[in-house]
């Protein structure tokens, strides 16, 4: 039998040393009397020395370090948490004042280059086709919010635009900003989970769009901005309204993407 050929004299866990170091650091982290500066140095050295650690894992380690530091210095804790967040936007954004990072629209030649860079990620046409099919399949009403928003962002990149997701990454602003040309932007709010049988756009939803418009006006001054809401309903609830014109993209609008 194949199991009879296993050499049990050899270590079965190649990362055993790393696990031991990790466990020791975690145990020390709950000690309120540790030398926090020395601890931080050793912890960061452990992370940097283990080259196989992914960005996602590194973010998790930094978040743990932020938790340990909180009892000694909230400022230091926030710094580590911000580093963690920058590596993995799914983690907690610390309560620090950050200037919004703005994107700039590509000139025509740069847009073509952006498209080429995106296409170059796929070494066969079949892989590219599967990728684009996945994007289109997720651009449907009823798709989960995270999958839909990822698809919208991927679509922008396929079209060669510079894209951002302010609400996801900064917890403020619209779901999407597409820089489509020099000084020209699309701001998009997604409502993929809204029922197709609903009759009205709620006041809370127009309010969210109005807040996004205010954010865009503050951060993208003196630019041309076009606003879109992806939602399967057309009419506004009584008392609801947009501060600026908004183009509503409904089921037929999404269908046009699939046909093209």
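Paramagnetic label reach from residue 17 (point 7 Å along Cα→Cβ; backbone nitrogen cut-off under 17 Å): within region 48-86, residues 48-53.
Beta bridges per DSSP, both residues in region 108-259: antiparallel share near 40 percent. Against the main long axis of the alpha-carbon atoms of the chain, helix 55-69 sits at an angle near 70°. Under 16 Å from a label point set 7 Å out along the Cα-to-Cβ vector of residue 92, the amide N atoms of region 50-68 belong to 59-68. Note on residue 133 and residue 103: with the Förster distance fixed at 25 Å, the Cβ-Cβ geometry gives a FRET efficiency of about 0.40.
With both labels modelled 7 Å from their Cα along Cα-to-Cβ, the residue 73 to residue 225 distance reads 3.7 nm. Would you mind classifying region 94-172 by shape? Square roots of the alpha carbon gyration tensor eigenvalues, ordered a ≥ b ≥ c; an a/c under 1.5 is rounded, otherwise it is prolate if a/b is larger than b/c and oblate if not. Oblate.
From its DSSP helices (H runs of at least four residues, each -39,500 (n - 2.57)), the chain gives a residue-normalised ellipticity at 222 nm of -15500 deg cm²/dmol. With a ≥ b ≥ c the root eigenvalues of the C-alpha gyration tensor of region 108-259, is it rounded (a/c under 1.5), prolate (a/b larger than b/c) or oblate? Taking the square roots of the gyration eigenvalues as a ≥ b ≥ c, region 108-259 is oblate. Helix 108-119 versus the longest principal axis of the chain: what angle, 0 to 90°, nearest 10, using Cα atoms? Around 50 degrees separate the two axes. Quick one: angle between helix 125-138 and the longest Cα principal axis of the chain, in degrees between 0 and 90, rounded to 10, please. The angle comes out at about 70 degrees.
Note on the chain: antiparallel DSSP beta bridges, both residues inside, total approximately 40 percent of the bridges counted. Between residue 55 and residue 243, the contour length at 0.36 nm per residue exceeds the alpha carbon distance by 63.6 nm. Using 0.36 nm per residue and subtracting the Cα-Cα separation, the extra length available between residue 218 and residue 37 on full extension is 61.2 nm. Classify region 12-87: rounded, prolate or oblate, from the alpha-carbon gyration tensor (a ≥ b ≥ c, eigenvalue square roots; a/c under 1.5 rounded; otherwise prolate if a/b is larger than b/c)? Oblate, because a/c is 1.5 or more while a/b does not exceed b/c.
Listed from fewest to most Cβ neighbours within 10 Å, the set 53, 107, 188 follows the order 107, 53, 188. Taking 58, 110, 20 as the candidate residues, the one with maximal mean-square fluctuation in a Gaussian network model of the chain, Cα springs under 10 Å, is 20.
Label-to-label distance, residue 236 versus residue 112, with points set 7 angstrom from Cα along the beta-carbon direction: 4.2 nm.
All of the numbers you see were taken from the coordinates with simple rules; none came from a lab. Everything numeric here is computed off the predicted structure, so don't read it as measured data. Note that we place each Cβ from the backbone using ideal geometry, even for glycine, and neighbour counts take in every protein chain shown.
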